[in-house]
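Contents: one structure, followed by commentary.
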Amino acid sequence: MSLLPFFSSTAIVIGLCAALPQLAAMLRARSAAGQSSLGWTLGALVNVLMAYVNYVGYHATVLAAGNVASVAICLTAVALVLRFGTAAAAEVDAEGRPVEIHELATTEFWALRDMLEHEARRRDERHELVAA
């Protein structure tokens, strides 16, 4: 066995293992912030071409199957980017006017914002008690 099939197999496994956490993060946060549908589409195209080369050129069915799995992951990521990345959330500012946000925030941001608002309200209440 030469190093070519070994390195090819290793590259496919690493590629699959690198993409799956990205999909999980998008699903968990219900946000595609920082993701590019063009990048994932290019990844799918490259894997389609590599599947063809591996299957037709090298008769490496296992490597081609790994490329097909990568294509499926890339297309799933494109679907998630289109689902979560195009929606614009709307908030209302202090005067009641709608404020558009062009990217969905992550769960951590909203949790931090809620904690900061809670602390600000607590301090305001404390300040009012001291002033009275």
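The values are calculated or read from the model by the stated rules, or taken from the named source; none is laboratory data. Because the structure is a prediction, the values reported are computed rather than measured. Only protein heavy atoms, including side chains, enter the accessible area calculation; ligands, DNA and RNA are left aside. Shrake-Rupley method; radii C 1.70, N 1.55, O 1.52, S 1.80 Å.
Given a 1.4 angstrom probe, I'd like the percentage of the accessible area of segment 1-75 that is carbon and sulfur, rounded to a whole number. Let's see the in-between values first.
On the way: 3620 of 4770 Å².
For segment 1-75, the apolar C and S fraction of the accessible surface comes to 76 percent.
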### Query
Roughly how much of His59 is accessible, in Å² to the nearest 10, using a 1.4 Å probe?
140 Å²
### Accessible area of segment 1-56 divided out per residue, in Å², using a probe of 1.4 angstrom
67 Å²
